[in-house]
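The values are calculated or read from the model by the stated rules, or taken from the named source; none is laboratory data. Owing to the predicted nature of the structure, the values given are computational and were not obtained by experimental measurement. When we count neighbours, we look across all protein chains shown, and the Cβ atoms used for this are built from the backbone with ideal geometry, even at glycine.
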Amino acid sequence: MVPMLAQTNAIILAAGKGTRMKSDVLKVLHHVSGKPMLAYVLDAVHSCAPNIYVVVGHQSDDVRSIFTNNSLTFVKQTEQLGTGHAVQQVLPYLQNSTAEHTLILAGDCPLIQESTLESLLDTHCQTKAAATILTTHMTDPFGYGRILRSEHNHISGIKEQKDCSDDQAKITEINSGIYVFNTSLLLNYISQLQSNNTQKEYYLTDIIHILTDNGHTISGMITDDPDEIIGINTPTDLAKVNDILLSKNNHIA
């Protein structure tokens, strides 16, 4: 059973310029099968959360002019200092929210399905976890953060490709970058994020380690369709997602 709508916030990260797209158009405004990729993410989220916060940065006025739904709250990230920093910009709104859960995902994953997000929220509620991560298995997981699990099958951490040992690199379960957090715990721990990495950015993935270090349970839900979590970062990714959508639309027809 999906949590009551009033109990869920959603944060969509859409501030990045997307320089690898090699275009003057903001990444999340590139069209996929006829409409901006961000529109697909908003469609998937709307049934799950009434309180939707869209973090914008580059070309924020363009995003606001295209998406005029009154249910959206736009939050400006003036400097792009990582995913954790983006979420921190929404804290003033979360502090005034009574919603028990907060869904976080990027605006560049247009294949994500409403039903998958609903199942993720269900899993989060049933496991009473501090955070729940949407994961999937990939035949070739190179480049993705690997999911580390404990002997009790709880998620114990996320290991980025560059930091994987040989054994960890063989793990096929990967992080989709889509999460549900207990809102109060998110508020309590997100200030502990640090930027002591080569990019000098605040990574949202680090809060998973912070939560586990403080004794909190992290659960995961595996989607059987790896295509759902494809993030569009390059023109090649865009073409791939267009092909997938075209194929699905033809199959439905």
Practice item. Evaluate the following for ASP163: is it within 18 Å of SER47 (Cα to Cα) and more than 13 Å from the chain's Cα centre (by Cα)? Key: no
Exercise for review: List the number of the failed condition for SER176; all other conditions in (1) under 17 Å from ILE230 (Cβ atoms); (2) at pLDDT 95 or above; (3) surrounded by fewer than 19 Cβ atoms within 10 Å (Cβ to Cβ) hold.
Suggested key: (3)
Review point. Pairs, please: C-beta under 9 Å, at least 6 apart or cross-chain, first residue of a type in the set (D, E, K, R) and in the range 63-86, second modelled with pLDDT of 95 or more and outside any strand (DSSP E or B)?
Key: LYS76/ALA15; LYS76/SER60; LYS76/GLN89; GLU79/HIS85
Review point. Within the range 133-148, which residues are without any contact (Cβ under 8 Å) to a residue 40 or more places away in the chain and on the phi < 0 side of the Ramachandran plot?
Key: THR139, ASP140, PRO141, PHE142, TYR144, ARG146, LEU148
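Matching residues to (1) surrounded by fewer than 20 Cβ atoms within 10 Å (Cβ to Cβ); (2) in contact with a helix residue (DSSP H, G or I) (Cβ under 6 Å, 6 or more places away or on another chain); (3) basic (Lys, Arg); (4) in a helix (DSSP H, G or I):
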site: SER195; (1), (2), (3), (4): yes, no, no, no
site: GLU201; (1), (2), (3), (4): yes, no, no, no
site: LEU204; (1), (2), (3), (4): no, yes, no, no
site: ILE208; (1), (2), (3), (4): no, no, no, yes
site: GLY215; (1), (2), (3), (4): yes, no, no, no
site: MET221; (1), (2), (3), (4): no, yes, no, no
site: ALA239; (1), (2), (3), (4): yes, no, no, yes
Point to revise | the range 184-200 residues that are closer than 16 Å to ASN9 by Cα, paired with ones that are of a type in the set (Gly, Ala, Ser) and assigned to a loop (DSSP other than H, G, I, E, B) (beta carbon under 7 Å, 6 or more apart) | key: LEU185/ALA130
Study note, to complete from the structure: Sole miss for ILE244 among (1) within 14 Å of ILE158 (Cα to Cα); (2) in contact (Cβ under 8 Å) with a residue 24 or more places away in the chain is condition (1)
Study note, to complete from the structure: Among the residues of the range 107-156, the number that are under 14 Å from VAL180 (Cα atoms), polar (S, T, N, Q) and part of a strand (DSSP E or B) is 2
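Considering each of LYS159, LYS76 in turn, give the residue that is surrounded by 16 or more Cβ atoms within 10 Å (Cβ to Cβ), in contact with a strand residue (DSSP E or B) (Cβ under 8 Å, 6 or more places away or on another chain) and among the basic types (Lys, Arg).
Matching residue, one of LYS159, LYS76: LYS159.
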Point to revise | Test for GLN113: is it over 17 Å from the mean Cα position of the chain (by Cα), surrounded by 14 or more Cβ atoms within 10 Å (Cβ to Cβ) and closer than 30 Å to LEU29 by Cα | key: no
Exercise for review: Among the residues of the range 125-154, write down those that are closer than 21 Å to ALA10 by Cβ and not hydroxyl-bearing (Ser, Thr, Tyr).
Suggested key: CYS125, GLN126, LYS128, ALA129, ALA130, ALA131, ILE133, LEU134
Check your understanding: Can you pull out the residues in the range 40-62 that are assigned to a helix (DSSP H, G or I), under 19 Å from TYR179 (Cα atoms) and not β-branched (Val, Ile, Thr)?
Key -> TYR40, LEU42, ASP43, ALA44, HIS46
Check your understanding: If you scan the range 157-180, which residues turn out to be in a loop (DSSP other than H, G, I, E, B) and basic (Lys, Arg)?
Key -> LYS170
Study note, to complete from the structure: Of the residues in the range 10-39, those that are part of a helix (DSSP H, G or I) and not hydroxyl-bearing (Ser, Thr, Tyr) come to ARG20, MET21, LYS27, VAL28, LEU29, MET37, LEU38, ALA39
**Study point:** Every pair of residues 6+ apart whose Cβ atoms lie under 7 Å, when the first sits in the range 118-131 and is farther than 12 Å from THR217 by Cα and in contact (Cβ under 8 Å) with a residue 40 or more places away in the chain while the second is small (Gly, Ala, Ser) and not in a helix (DSSP H, G or I)
**Key:** THR123/SER219
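If I go through the range 63-81 residue by residue, how many of them are farther than 22 Å from HIS30 by Cβ and part of a loop (DSSP other than H, G, I, E, B)?
Number satisfying all stated conditions: 5.
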